[in-house]
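The structure follows.
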Amino acid sequence: MLVQEIIRRKRDGEILRDEDIAQIVRGLTSGAVTEGQAAAFAMAVFFRGMSTAECAALTTAMMHSGQVLDWSGLALDGPVLDKHSTGGVGDNVSLMLAPMLAACGAYVPMISGRGLGHTGGTLDKLESIAGYNAQPDAALFARTVREVGCAIIGQTADLAPADKRLYGIRDVTATVESIPLITASILSKKLAAGLQGLVMDVKTGSGAFMSTLEGARDLAESLAYVATAAGLPTVSLITDMNEPLASCAGNAIEVLHAIDHLTGRRVEPRAQEVTLSLGEDLLVLSSLFPDRASARAALEASLTSGAAAEHFARMVKSLGGPGDLLDRPHERLALVPGVPVFADRQGYVTSIDTRALGLAVVALGGGRSRPQDPVDHAVGLGALLPLGAPVNPATPLALVHARTTGQAEAAMRNVQAAYGIGGAPAPMSPVVHARVFLKRD
Ligand code: URA
């Protein structure tokens, strides 16, 4: 069928056949589908949506547009698992969870992304570690997964190339915020990574792409249903992003926070709760543990015994980073000094514009305005006060780690504007809002 006929049918709200979707995806990969056609297709899906079956067909076609990793040759003695977040601020869960899962007997080949918009990216964070190779060749990636149990790396060019092209076109044609397109984009890459189980962390709140709980629930359901239909058991958790998850946002500063968490030097309850909740669901989903309580106990033990920290250190070393990162984190991770930004009145923190804090980090140089921009790993925000904290004009809301006085002053204004201060503390909301899970029969 002519590509324009397939687009017309979607434009008119018809359900596409699997072969129509496969033809679009083949054309995206080969170039036979032009940029204009891809944009029109994306816009038609944006307005008309897709059934679960259509979305599953798009997902599997994009998954097969490139290499599909196969871990069976490594004779691993545990399941191959991963976690993916829809993106947040101060969300460094991957850095803690991957080694914790590895310490519990799973294998975690985590293919992560760079910062997008106001959200931070795991790869940018890891690249604050001098020598860390986030683009290893296939042999080093496989060896690290087999010998350490986890390897966090960047997407390779031959993994789901149809998604890479379509995503680039969506990014510049206002078609990113489509639940079926987001679902197919994320899951095609996860399926191509050869996983046996996945937990999705779908963020909701002022720092999330899906700011409403309703939108987050729709996305969480779509991800869990389509992944399960495509043969990848998946559970989605909806977690809170009405404030940064960790008390910091940036690159080196979030790695330092993760090291403190892994070594027990400083454990923050919200980050801990999200990490344990995601981990326990994944360990139960993959049948490594019979129930959430025993999975949680194992994850907690991986922290207290030092096993998770040791897996993190070995992963960093295996991928080219320093062998003594955990012993000398402040020498190995460059962070420019922080200056305090104060509250402008007395009261309680009643709201946080988390997106604005993420954008403040981008303005400091810690994120990108354009994909090709470099990232400054040494800047960011630290000691961020949580919702509900009492403040007065002598209370620092945060520490601003900036390169220049001008950048520091701009960030201070942004932080002050992002914090809402009122007379009474706002009621606390849970950090895990809901769990979406489809049983396979
Ligand atoms: N992340 C992805 O990989 N794809 C999307 O469409 C949105 C977020």
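Taking all pairs of distinct Cα atoms, average 1/r, flip it, and tell me the Kirkwood hydrodynamic radius of the stretch 24-86 in Å to one decimal place.
Roughly 14.5 Å, rounded to one decimal.
To test your reading of the geometry: what angle, between 0 and 90 degrees and rounded to tens, separates the Cα axis of helix 161-171 from the longest principal axis of the chain?
For helix 161-171, the angle is close to 60 degrees.
Rounded to whole Å and ordered largest first, report the semi-axes of the equivalent ellipsoid of the chain derived from its Cα gyration tensor (root of 5λ).
Semi-axes from the Cα gyration tensor: 34, 26, 21 Å.
Rank R11, R170, R345 by mean-square fluctuation in a GNM of the chain with C-alpha springs under 10 angstrom and give only the top-ranked residue.
Residue with maximal mean-square fluctuation among R11, R170, R345: R345.
Once each part is reduced to its C-alpha centroid, what is the distance from the stretch 310-328 to the stretch 2-72 in angstrom?
Comparing the Cα centres of the stretch 310-328 and the stretch 2-72, I get a distance of 42 Å.
Further, regarding this structure: Between rounded, prolate and oblate, where does the stretch 327-379 land on the alpha carbon gyration tensor, with a ≥ b ≥ c its root eigenvalues, rounded for a/c under 1.5, else prolate if a/b exceeds b/c?
It comes out oblate by the Cα gyration axes.
Using 0.36 nm per residue of separation minus the Cα-Cα distance, give me the extension gain between T405 and A157 in nm, one decimal.
So the extension gain works out to 85.3 nm.
If I take the Cα coordinates of the stretch 109-193 and project them onto the principal axes, what are the three extents in Å, biggest first?
41, 26, 18
Now for a different question. HN-Hα J couplings of the stretch 280-296 from phi, Karplus 6.51/-1.76/1.60, θ = phi - 60°, integer Hz, Gly and Pro as x?
Those phi angles translate into 5, 5, 5, 5, 7, 4, 8, 6, 6, 10, x, 8, 5, 5, 6, 5, 4 Hz.
Something else: What nm value, rounded to one decimal, do you get for the distance between T395 and A301 when each label is placed 7 Å out toward the C-beta?
4.0 nm
Which shape class applies to the stretch 335-422: rounded if a/c is under 1.5, otherwise prolate when a/b exceeds b/c and oblate if not, where a ≥ b ≥ c are the square roots of the Cα gyration tensor eigenvalues?
In terms of gyration-tensor shape, prolate.
Quick one: which residues, 5+ away or cross-chain, put their amide H under 5 Å from the amide H of F342? H built at 1.01 Å from N.
For F342, the qualifying residues are L397.
Can you bin the stretch 3-49 into rounded, prolate or oblate? Criterion: square roots of the alpha carbon gyration tensor eigenvalues sorted a ≥ b ≥ c, rounded for a/c under 1.5, prolate for a/b above b/c, oblate for the rest.
oblate
Coordinate-derived values only; no laboratory data. Given the structure is predicted, the values throughout are model-derived calculations rather than measurements. All Cβ positions, glycine included, derive from the backbone under ideal geometry; neighbour counts span all protein chains shown.
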